[in-house]
Amino acid sequence: MKKIHNNIHELKALNYPSLIKYMGSKSKIMDFVFDGINEVYQGGDICDLFAGSASLAGAIGQQCVVHSNDIQSYSAILANTYNKAYLEQDTPKIDELINKAEKIVKKNYKALNISINYSKDLNLVEFNNIEQAQQALIDRQFQREWHLFVKNYSGTWWSAEQCLWIDALREVANEYKEKPIYTVILSALMFSMAYASQGTGHYAQYRDAKTESSLSDILIYRKRSILNYFIRKYNEVLEGLSDESPYLNHKTSTMDFKECLKSFKGGVVYADPPYCFVHYSRFYHAIETLVLYDYPTLQVQKGSVVKGRYRDIRHQSPFCIKSQVKGAFEDLFKGVKISNSNLVMSYSNTGMIEVDEIELLAIKAFKGKKIEILTTDHQHMTLGRKNDRQRDVKECLLLVS
């Protein structure tokens, strides 16, 4: 049953375009999250401390100032697409972007000089030979600048041809780096990468074709067009943009949560920290690399690049480390208290620490404050490919006011 609020500042969850597949996304329970926020919100700014896919920024729209923070750079791009992008007189139409990208792809495809043909019937041996030839591009020396995905990711989550389009669209995006449309171009590209990827929606490891069944499934994604998905999402986001700059002074940052809390005063902190032992930087390193486009050193094991092709330097969250998780919550609560903010915190009964223990830590940290816990049943998206796509969990909101 939906809670009834007597709150003159009540916020509503607005519709917003989905930009990426994201493990643990709150999009399906956004009304529940807003029930919690409206219990403690009395006006002012809202800080989304672990913004992730920036769903909260999208859902709040233009109702209040949102400070979207996440240690990962891709999150800032998504948040700015929702709350800072707008149309200008010279905002490029999709045809302009396509024409530029097509010229780049045509030129670089010829220079690649390898055979990429998924249209004919392929057996396992033939398919894997094609894949291995593309994976070997990681050892090739490229003279041109925009080659990061072709070199590092061909024959993994994407084919070399798909990687050519990723690199080309990223190069085109850079022409608009100082424009508000820049984040829209990158977000549409992240969307197309997610839906053309042969993986499960994240980038921990790509799949190998070991059986006829897995070959058949992977070929579905190998034949998908990066460009078609890009066009679809770019046009969708463009249709929802205003031709005026946002009237609210939304903020975006890529700070550690403790540093972010030092810069936030009053209002409400919404915290959705990681629940499990797996770091998000492992699942979403590919889109972090897309945004940074910094030619990172890849993780090496026993002299060769690990299958996941992870960035060598990745953020490790204390909320994902058993020996550090309790201290992380203590730091979180301390920072919220010093910021003089109310708190809404999402967590799960399957997390790294028991909800009862978190409640005790909150009672200790927020003496004299009202503390409440709301719960709802929820299917947590794991993005697994077969029997583990969803898990039944009890989602909890810790409210402090």
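Just so you know, all these numbers are worked out from the coordinates, no wet-lab data involved. Everything numeric in this text was worked out from a predicted model, so none of it was measured. Please note: Cβ atoms are built from the backbone with ideal geometry, for glycine as well, and neighbour counts cover all protein chains shown.
Worth a mention:
- Placing unit charges on the Cβ atoms only, positive for Lys and Arg and negative for Asp and Glu, gives the chain a dipole magnitude near 720 debye about its Cα centre.
- Other-chain or far-sequence residues with amide H under 5 Å of Ile116's (modelled H): none
- As a length-normalised measure over Cα pairs under 8 Å and 6 or more apart, the relative contact order of segment 94-239 settles at 26 percent.
- Likely footprinting exposure, Asp392, Asp208, fewest C-beta neighbours within 10 Å first: Asp392, Asp208
- Sequence-distant aspartates and glutamates (8 or more away, or on other chains) whose Cα lies within less than 19 Å of Lys210: Asp121, Glu126, Glu131
- When only Cα pairs below 8 angstrom with a gap of at least 6 residues are kept, the chain shows a relative contact order of 20 percent.
- Here each label is just a point 7 Å from Cα along the line to Cβ, and for Asn129 and Asp31 those points are 5.6 nm apart.
- Separation of the alpha carbons by more than 20 angstrom is noted, of Lys151/Lys307; Lys262/Lys334; Lys93/Lys177; Lys151/Lys233, for Lys151/Lys233.
- Remark: the Ile220-Lys370 segment gains 48.8 nm on full extension, using 0.36 nm per residue and subtracting the alpha carbon distance.
- Net charge over other residues, Cβ less than 13 angstrom from the Cβ of Asp272 (K, R count +1; D, E count -1): -2
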